[in-house]
Amino acid sequence: MNTNSPISRPEPPTGGPAARLSGNFDRIAWCYDALAGLVFGGSLRAAQRAALAGLPAGAPRVLILGGGTGWVLGEVLRHRPGAAVLYLEASGPMLARATARLHREWPGAARQVEFRLGTEAALKPGEQFDALVTFFVLDCFAPAALGPALARLAAARRPAAPWLLADFSRPRRGWHRALLGTMYRFFGAVAALRAQQLPDLHGALAGLGLRPGPPAYFFGGAVEGTVFRPVGPAEKAV
């Protein structure tokens, strides 16, 4: 699944701003991991580990969307050493860091990974995956872009493939709402993030015929790791 060059650069997607992931994280790629650790400690990574428990056995073909600087890629390869991975990332500096990290920490797996600059719009016709990994990325989509993005991702999911989600949970407490509001304002200022509030990710994925397993919560319930699986025929009939 590897390419001759470390990073594949597709043509820019068409369709205007609503077709693209909101925000530009190029300027903060160098400090993003440290910033996340400073605010959340190990909670974000714990949520991702919890969701990765849903990876299919064997040597699955895995799509990672918005993987950032590459920590999650190493975790996928640690869990499934034979996996073939498409790593889609909209930030060039983030993608460069992920590429360097792979060659530094997992050099033997370099031929199993294709790095591609872009969003879900950069998926090629007919590409299919055994698992979709969306960690702390769907919360970045502006409302007009989320539905089309999820539909495009769903089209690349094989029928039995799980959808692995790690993200912020719907706020139930005042401090949680305040935290989310602060984050959206911060990333709006430093990364031009157009999204202003957390979408109903559970509802959106349910609309695609997916049902969540029991979520694993972290950081006082503000962060979750959840495995979504397709609803079976018997359940659809109920």
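The values are calculated or read from the model by the stated rules, or taken from the named source; none is laboratory data. Quick caveat, the model's predicted, so the values are computed rather than measured. Backbone-built Cβ (ideal geometry, glycine too); neighbour counts: all protein chains shown. Accessible surface is based on the protein model in full, side chains and every heavy atom, while ligands, DNA and RNA are left aside. Shrake-Rupley method; radii C 1.70, N 1.55, O 1.52, S 1.80 Å.
Within the range 36-69, the set of residues being at pLDDT below 95, within 16 Å of the chain's Cα centre (by Cα) and either part of a loop (DSSP other than H, G, I, E, B) or over 22 Å from residue 184 (Cα atoms) (or both) comprises 66, 67, 68, 69. Listed here are the strands (runs of 3 or more DSSP E) enclosed by the range 190-232 that have at least 2 residues being surrounded by 14 or more Cβ atoms within 10 Å (Cβ to Cβ) and among the aliphatic types (A, V, I, L, M): 223-230. Within the range 5-27, if we keep just the residues that are outside any loop (DSSP other than H, G, I, E, B) and surrounded by fewer than 18 Cβ atoms within 10 Å (Cβ to Cβ), the residue that is modelled with the highest pLDDT turns out to be 26. Taken together, the criteria exclude residue 172 from residues that are more than 17 Å from the chain's Cα centre (by Cα), open to solvent by 50 Å² or more (accessible area, probe 1.4 Å) and either under 27 Å from residue 92 (Cβ atoms) or among the small types (Gly, Ala, Ser) (or both).
The set of residues in the range 191-203 that are closer than 18 Å to residue 163 by Cβ and either in contact with a helix residue (DSSP H, G or I) (Cβ under 6 Å, 6 or more places away or on another chain) or without any contact (Cβ under 8 Å) to a residue 24 or more places away in the chain (or both) comprises 198, 199, 201, 203.
Scanning the range 110-138 for residues that are in contact (Cβ under 8 Å) with a residue 12 or more places away in the chain, open to solvent by 10 Å² or more (accessible area, probe 1.4 Å) and more than 13 Å from residue 88 (Cβ to Cβ) gives 110, 111, 112, 128, 130, 136. Consider residue 81 against the criteria (1) modelled with pLDDT of 90 or more; (2) surrounded by fewer than 21 Cβ atoms within 10 Å (Cβ to Cβ); (3) under 25 Å from residue 215 (Cα atoms): it satisfies all of them except one. Which criterion is unmet? Failed condition: (3).
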